[in-house]
Amino acid sequence: MSAPSPDIKLLKHFSPFDMVGDDSLTQIASKTRLIKKAGGTMLFKRGAPRKWCHWVVRGKVDLLDSSFTATQVKSGRKNMLDENEEYSLTAVTVEDTILLVMENDALDILMTVDQAKDDNEDWMTRLLQSHLFELIPPANIQALFNKFTAVNFQTNDVVIREGDEGDYFYVVKSGQLKIEREENGEQVLLAEVGPGACFGEDALLQGKPRNATITMLTPGVLMKLTKEDFNNLLAKPAVETVTEDDVREAMASGEQKVELIDVRFEEEINDDKHPEAKII
C-alpha cells in the first residue's frame, strides 16, 4: 500500500538530498515515492545490481552481511540502506515499514545536474526532459555535460544557416532566438525559442545540411557540443541495433510479427535497396 507522496521537507532529512537546492529537490520529489512494506519483506539481496535506492522513513530494517549477521536500521538514519552499486547486504523489513525509494539511474542523473549547473541556470534540467535523453546511460550524461562549451552571441548573430553542414548541437542557456526557413525566396518565421531549447540534432543525426536558419533576437549564451561528442555520447547509446540474422530468426520463429521498414533517404535506398523492406 502506498503512503503519501514525499515533499521537499521530508527529502531534506536524507542524504544526499540535504545537500541540494530547492529547485533540484522539486525535480527529485517527482522521481521518488513512498511505499509501505510488511514485516519480513526482502527489499534487496546481496550481490544484485542496485536498481533502487532505499531510505527508512518509519519502521525497522535488518541489513544482513555475508555471514548473516544483522545490523538493524530504523527511522532517523540519513543515508540510504546500501550505497554500493552492487548491493553488499541483504535488506529485510523487521516490521511494517515506510520507505522512500528512487531509481538508481534517476538519482545519478539528477545529482549530476545539481552538482554541475550554475546557481541561477537550469538549462541542464530542461535538457534532460528532452526526448533525446530518454535512453542515455547516466555515465554518458555526466560525460556529455562536461563536453559542452559556452559561446556568447549578440543580437542578430546567425548561429546556424540553412544549407550549411551540421557541426554542432546547441542548447540555449540564455537569450531569445528565431528560427526561419526559406520558402519561395523569402525567409518564413517558424518559431521563437528561449532558455532550455535545443537545436541542431537533425543535421547531425541525418548527415544532411541544416534545414533552417537560427538567429539571435537578443544577446545570449549557447552551450554547444561537437558533432563527434554528440554522436559518441548521445546518438549511439540511444540506438539499439540488430543483425539481419537476428531479424530473420525472429521472423522464422513466428512468435511476434516482424516487418522490415526502410527509413533511409531516397538516394540511399536507390543505391542499396533491400528486397524485403517496405519503403515509407
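The values are calculated or read from the model by the stated rules, or taken from the named source; none is laboratory data. Just so it is clear, the model here is predicted, and its values are computed rather than measured. All Cβ positions, even for glycine, are placed from backbone atoms using ideal geometry, and neighbour counts span all protein chains on display. These area figures cover heavy atoms from the full protein model, side chains too; ligands, DNA and RNA do not enter into them. Shrake-Rupley method; radii C 1.70, N 1.55, O 1.52, S 1.80 Å.
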Can you compute the FRET efficiency between ALA143 and LEU189 using 1/(1 + (r/R0)^6), with r the Cβ-Cβ distance and R0 = 35 Å? Round to the nearest 0.05. 0.45
Please work out whether segment 57-106 counts as rounded, prolate or oblate from its C-alpha gyration tensor, where a ≥ b ≥ c are the square roots of the eigenvalues and a/c under 1.5 means rounded, while otherwise a/b larger than b/c means prolate and anything else oblate? oblate
Ignoring ligands, DNA and RNA, how do MET42, MET216 rank by accessible area with a 1.4 Å probe, largest first? MET42, MET216
Does a label point 7 Å from the Cα of LYS45, set along Cα-to-beta-carbon, have any residues of segment 70-87 with amide nitrogen under 20 Å, and which are they? 70-71, 81-87
